[in-house]
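Values in this text are rule-based calculations from the coordinates and carry no lab data. Everything numeric in this text was worked out from a predicted model, so none of it was measured. Here the Cβ positions follow ideal geometry from the backbone for every residue, glycine too, while neighbour counts run over all protein chains shown.
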Amino acid sequence: MKRLLTKYGMMVLSLAVVIAVILSVMAYFSTSASALPNLAGIIATPFRAAGAAISETVSGWADYFTEFDRLKEENEQLKLELAEKEAAIRQAEKDSEENERLRKLLDLREQRRDLHFESARILETDSSNWESVLTVNKGTAQDVAVGDCVVTEEGFLVGVVTEAGLNWCTIRTILDSDTSIGATVFRSGQNAVAQGDFALMGEGRLRLSYLGANPDVVAGDLVVTSGLGDYFPSQLVIGTVESVSTGDDGLAQNAVIIPSMSLEDLQQVFIVTSFDIVE
């Protein structure tokens, strides 16, 4: 549009100017006292007016497009500044989250001086109705071994190392149906076994089994590792009891546990490479 107006506007303006000049020359050089000069003026006047109007219009459009280009450039600059500020905010949020993780880890190290950690970054998550497995970037080069338990920075139990390479390892989470961990109801001291359950895996739950006929466990109870057998450190948080039910035999009871760790939020875990047995 801008190019069209400039092209044809200038053509009309040029034509008007040429006609006006020709008629003015004719009037100037005419020696006759006839009405030719007046006629030339009469004829030229509309063209002069048209030329002036076109000139103003073209000038106005030129100013419009100049202002449009300026506003467009200013808009692009504002968008760039906004993107930079949003990036700075996201980085600040990321830094804040990282600082929070480090603070929790420091708290965990202070509270659990019996544990020796190796931090690891999650490379891959395979969680489905069939299995629940993580792959992380630490392995035997960092003294990671099969059987090591894995926790979050809060000390929530994630799972156990099932395979270890030089710089990687596989972790079977507590949701996996092949996982079985000695557990204790924190409030009552009731011992049991926390197990991954094929039927509950898709719901992000696990089962608390071997409670006996009259267990002291209710919904809301906190479940932690028992430490029995010295395979796992004691007092690592597994989760919270969601419900308690009676088994098919009508005697033994079991419970459903909501794990404290969240697979969806995991970015980093801490492998317990060794621990001191606390009596």
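What length, rounded to one decimal in nm, is gained on full extension from residue 143 through to residue 213, with 0.36 nm per residue of separation minus their alpha-carbon distance?
Values: separation 70, 0.36 × 70 = 25.20 nm, distance 4.23 nm.
In short, 21.0 nm is gained.
What percent do you get for the relative contact order of segment 115-275 when only Cα pairs under 8 Å and 6+ apart count?
Numbers: 437 pairs, mean separation 41.3, N = 161.
Answer for segment 115-275 is 26 percent.
In what sequence do 90, 187, 205, 172 fall when counting other Cβ within 10 Å, fewest first?
In increasing order of surrounding Cβ atoms, one gets 90, 187, 205, 172.
Over all Cα pairs of segment 115-275, how is the pair count split among 5 Å bins, expressed in % and running from 0 up to the last occupied bin?
Whole-percent P(r) values from 0 Å outward: 2, 10, 20, 22, 20, 13, 7, 4, 2, 0, 0.
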